[in-house]
Amino acid sequence: MQLSGAEITLRCLAEEGVDYIFGYPGGAVLYIYDAIFNQDKVKHILVRHEQAAVHAADGYARASGRPGVALVTSGPGVTNAVTGIATAFLDSIPMVIISGQVPTRAIGLDAFQEVDTVGITRPCVKHNFLVKDVAELATTIKKAFYVATTGRPGPVLVDIPKDVSQQLAEYDYPKSVSMRSYNPVLKGHAGQIKKAVQMLLEAKRPMIYAGGGVILGDASPLLTKLVRTLGYPCTNTLMGLGCYPASDPQFVGMLGMHGTYEANLSMQNCDVLLAVGARFDDRVIGNPEHFFQAGRRIIHIDIDPSSISKRVKVDVPIVGNITDVLEEMLRQLAAHEAKPDAPALAAWWKQIDEWRGRDCLRYDRSNTEIIKPQSVIEQLWRVTDGDAYITSDVGQHQMWAAQYYKFDKPRRWINSGGLGTMGFGLPSAMGVQFAFPDDTVACVTGEASIQMCIQELSTCKQYHLPIKIINLNNRYLGMVRQWQELQHGNRHSESYMEALPDFVKLAESYGHVGFRIDRPQDIEPAMREAFALKDRTVFMDFQTDQSENVFPMVPGGKGLTEMLLGSEDL
Amino acid sequence: MNNNRHILSLLLENEAGALSRVAGLFSARAYNIESLTVAPTEDPTMSRMTIVTSGSEDVIEQITKQLNKLIEVVKVFDLNEGRHIERELMLVKVRAEGKDREEIKRTADIFRGRIIDVTDRIYTIELTGTHDKLDAFLEALGSTQILETVRTGASGIGRGEWILRV
Ligand SMILES: Cc1ncc(C[n+]2csc(CCOP(=O)(O)OP(=O)(O)O)c2C)c(N)n1
């Protein structure tokens, strides 16, 4: 059957089971939009800015585990999308981005709305393709989904010139593809796993450190089982939150720059460390030299060999699919005659509980004058029964959400950990809501971040997305102000925002409900009222304590245990 | 740090863009690159690339892993891990006048170079060898005036049965 390139594109997407694509039209993709119009399998969601299209597809993917799809036009469509693509790339999110390109005969001639899309996106995609021949379109799209979703996932871009989307070709969607140059490893090496199990059982002060890879690999149940079988402490990275239940007593909290006292001290002082789907990045272990000072043996499981021994030399590397590796580990553990060293473990837990006793996340809960941002998150957790999808922007509010919303399930915490993209929160929440129309979705944001993609309030209206926006409004670029206070002599250079909009009126003008909350005692009633509005987008503007900072904090360049625990340490 | 010189040999898909992915990787991650050569193999769908780089063992390990991660790269070998042969081609244009002409010719002979173009004032010499040998030749030219040099960068291959293919 002869179909146009545009029709082929839509057929392929339907074949891949894509239910939503997030996009924005323009000249180079007009044939594709025409094909969208003429079918009803794949629904198109019209956003208000291409960055948001990609973030929405990203949020959809993070929450559902299925690849997100975005569609943008050539030139400015693509350049607007780049921030979103890089955001997905740094967090290894499976996604396919389809971009229009000028007609093949015009490529290289500085045509209207021409940019070298493959060149611009190359460093921030897992892979990209320029389709020059319509006969190769279907196979290329198949490859794009294959590459995006296998191995260490990531965004893949397919650039389709306008004439290619118009030309006809025989349509035949390949059932599978194989690429001689791309063979993601699956099973971990059984011998390495054996060594790891041995090492884990010999540990006196063990620690399990799990990251976003566990969520991406859908390995949370196995990880949880492993942690419980061993009885060892477990910490999560910012990207890993929810992969081990936060309300479990074996959970010692998030680690890293804003990690808990007990997580960072256990990380530093353990004698055997099992790292699962985490990459020892600079926000997690702080100064690497300081980290090395305490000797420990390290086992590292990751699907990407280049993540292993990149920043930290490890003793037992295990490259493989996390599910397979953990299954094999559990099997070997069950068969092993040795058991964890109970007395050593008891002493270790005693030590950890002492660290816990510092109660590093305490804050002034009794304040009745001014809203403490932490208390907003704690209320949010209560009001949503700890069971909402929480997206976030970037800044202090993000860290408070990570610290105070106890995520018990994977894929509930959606944030830009790697790139740290302000503007991510609202559009990603839209993607989550499309993936789970009946679930509660809240976006925790700040008055600065929300303004980076505020236009998406319009998309929320068009598609009746009942997202609840929790704006922690401190009138500052709070995280910037915090660093200025700590490292730049308290000089608030350009971190105060004048002339903020009236967010209540702003929300109303977009057709939504807006609340402004000034007093601590109003937090809970306002939230209950907002979440009861099941079919409305509600913007909650919380006027929070302007001077509050995020603690604990490992200042940049310092070691993990060199934490500031509160303003009194300043 | 021990910044050893390494010769990496790659097989990659002979596709537009594969080269820029490799080059982009080196610049993006601030890896050293001394030379890079690439051309199609006997199988026209595949290219063979030789990259000469330097770095500590950890850096070289990362480079190899990152190269392997590129979707179009089929195989990566660090030739330093075994016995191998390295060759580079150089063309040198020198001022050759009067009594210098004999001297230059003799030096070229010693290095098994060939004079491939002659005018009454110029020799163009072709020379193949390792990087070091080519450097040594340029030094041996002494006071001779070098007008131009072109070097291809190294190509490498394993010795004997050590064969790099898919
Ligand atoms: C696109 C982008 N630009 C700049 C930054 C740097 N940055 C990190 S946090 C922050 C301030 C965020 O302010 P706000 O959204 O109000 O959150 P708060 O820290 O006050 O909670 C800035 C500017 C960033 N992460 N992303």
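The values are calculated or read from the model by the stated rules, or taken from the named source; none is laboratory data. Just so it is clear, the model here is predicted, and its values are computed rather than measured. A quick note on method: Cβ atoms are made from the backbone with ideal geometry, for glycine too, and the neighbour counts reach across all protein chains shown. In case anyone asks, the SASA skips ligands and DNA or RNA and just uses the protein heavy atoms, side chains included. Shrake-Rupley method; radii C 1.70, N 1.55, O 1.52, S 1.80 Å.
Could you let me know the centre-to-centre spacing of the range A:32-95 and the range A:109-182, using Cα atoms, in angstrom?
Comparing the Cα centres of the range A:32-95 and the range A:109-182, I get a distance of 14 Å.
Using only the Cα atoms of the protein assembly as shown, each taken as one equal point scatterer with no solvent, compute I(q) by the Debye sum, divide by I(0), and report log10 of the ratio at q = 0.05, 0.08, 0.10 Å⁻¹.
-0.30, -0.74, -1.06
Using a probe of 1.4 angstrom, how much of the accessible area of the range A:299-352 is carbon and sulfur, in percent?
58
Per DSSP helix of 4 or more residues, -39500 (n - 2.57); summed, then divided by the residues of the protein assembly as shown. What does that give at 222 nm, rounded to the nearest 500?
Computed mean residue ellipticity for the protein assembly as shown: -10500 deg cm²/dmol.
Cα centroids of the range A:536-570 and the range B:15-66: how far apart, whole angstrom?
About 43 Å separates the Cα centre of the range A:536-570 from the one of the range B:15-66.
So, in Å, what gap is there between the alpha-carbon centers of the range A:205-273 and the range B:69-123?
Value for the Cα centre distance between the two parts: 58 Å.
Once label points are set 7 Å from the Cα along Cα→Cβ at both B:ASN68 and B:GLU103, what is their separation, rounded to one decimal in nm?
Once both label points are built, they end up 5.3 nm from each other.
Along the Cα→Cβ direction, 7 angstrom out, place labels at A:GLU289 and A:ASP439. What is the inter-label distance in nm?
4.5
In vacuum, with every alpha carbon of the range A:53-130 counted as one equal point scatterer, what does the Debye formula give for log10 I(q)/I(0) at q = 0.16, 0.17, 0.24 Å⁻¹? Two decimals, please.
-0.55, -0.61, -1.07
Using θ = phi - 60° and the Karplus relation 6.51 cos²θ - 1.76 cosθ + 1.60, list the HN-Hα couplings for the range A:407-417 in order, rounded to whole Hz, with x at every Gly or Pro.
7, 9, 10, x, 6, 9, 10, 10, 8, 8, x
Which entries in A:LYS406/A:LYS534; A:LYS126/A:LYS225; A:LYS126/A:LYS187; A:LYS313/A:LYS558; A:LYS350/B:LYS65; A:LYS225/A:LYS350 show an alpha-carbon gap greater than 30 Å?
A:LYS126/A:LYS225; A:LYS350/B:LYS65
At each listed q (0.13, 0.15, 0.25 Å⁻¹), what is the log10 of I(q)/I(0) that the Debye formula gives for the range B:85-155 modelled as equal alpha-carbon point scatterers?
So the normalised log intensities work out to -0.32, -0.42, -1.14.
Computed on protein heavy atoms with a 1.4 Å probe, what is the summed buried accessible area for the chain pair B and A, in Å² to the nearest 100?
1500
Which whole-number percentage describes the relative contact order of the range A:111-157, with Cα contacts under 8 Å and a sequence gap of 6 or more?
40
How long are the three semi-axes of the equivalent ellipsoid of the range A:186-252, in whole Å, if each is the root of 5 times an eigenvalue of the C-alpha gyration tensor, listed from largest down?
Listed largest to smallest, the semi-axes of the range A:186-252 are 20, 16, 9 Å.
Only Lys, Arg, Asp and Glu count, each charged at its Cβ (+1, +1, -1, -1), so figure out the dipole size of the protein assembly as shown about its Cα centre, rounded to 20 debye.
Value, rounded to 20: 1140 debye.
Separation between the A:ASP522 and A:ARG362 pseudo-spin-labels, each 7 Å from Cα along Cα→Cβ, expressed in nm?
About 3.0 nm, to one decimal.
Quick check on the range B:1-74: take the gyration tensor over C-alpha atoms, sort the square-rooted eigenvalues as a ≥ b ≥ c, and tell me if it's rounded (a/c under 1.5), prolate or oblate.
It is prolate, given that a/c is not under 1.5 and a/b is the larger ratio.
Along the range A:511-519, what does the Karplus equation 6.51 cos²θ - 1.76 cosθ + 1.60 (θ = phi - 60°) give for ³J(HN,Hα), rounded to whole Hz, x for Gly and Pro?
With coefficients 6.51, -1.76 and 1.60, one gets x, 10, 9, x, 10, 10, 10, 10, 10 Hz.
Quick check: residue separation of A:LYS225 and A:ALA334 times 0.36 nm, minus the Cα distance between them. What number comes out in nm?
Once the chain is fully extended between A:LYS225 and A:ALA334, it gains 38.1 nm.
Which whole-Hz ³J(HN,Hα) couplings does the range A:444-456 yield from phi under the Karplus relation 6.51 cos²θ - 1.76 cosθ + 1.60, θ = phi - 60°, glycine and proline marked x?
3J(HN,Hα) across the range A:444-456, in whole Hz: 8, 9, x, 5, 7, 4, 4, 6, 7, 9, 4, 4, 6.
If I take R0 = 51 Å and measure r between the Cβ atoms of A:LYS409 and A:GLN39 in this structure, what FRET efficiency does the formula 1/(1 + (r/R0)^6) give, to the nearest 0.05?
Here the calculated transfer efficiency is 0.90.
Distance from a point 7 Å along Cα→Cβ of A:ARG311 to each backbone N in the range A:235-258: keep the residues under 13 Å and list them by number.
Taking a point 7 Å out along Cα→Cβ of A:ARG311, the residues of the range A:235-258 whose backbone N falls under 13 Å are A:237-239, A:255-258.
Output the relative contact order of the range B:85-155, whole-number percent, from Cα pairs under 8 angstrom with separation of 6+ residues.
RCO, the range B:85-155: 51 percent.
Report the relative contact order of chain B, percent, no decimals, based on alpha-carbon pairs under 8 angstrom and at least 6 residues apart.
27
For a test of the definition: using alpha carbon positions, the gyration tensor, and the 1.5 limit on a/c, classify the range A:440-570 as rounded, prolate or oblate.
Prolate shape, in that a/c is at least 1.5 and a/b is the bigger ratio.
Suppose the chain between B:ASP132 and B:ARG159 were pulled fully straight at 0.36 nm per residue; how much longer would it get relative to their current alpha carbon spacing?
7.8 nm
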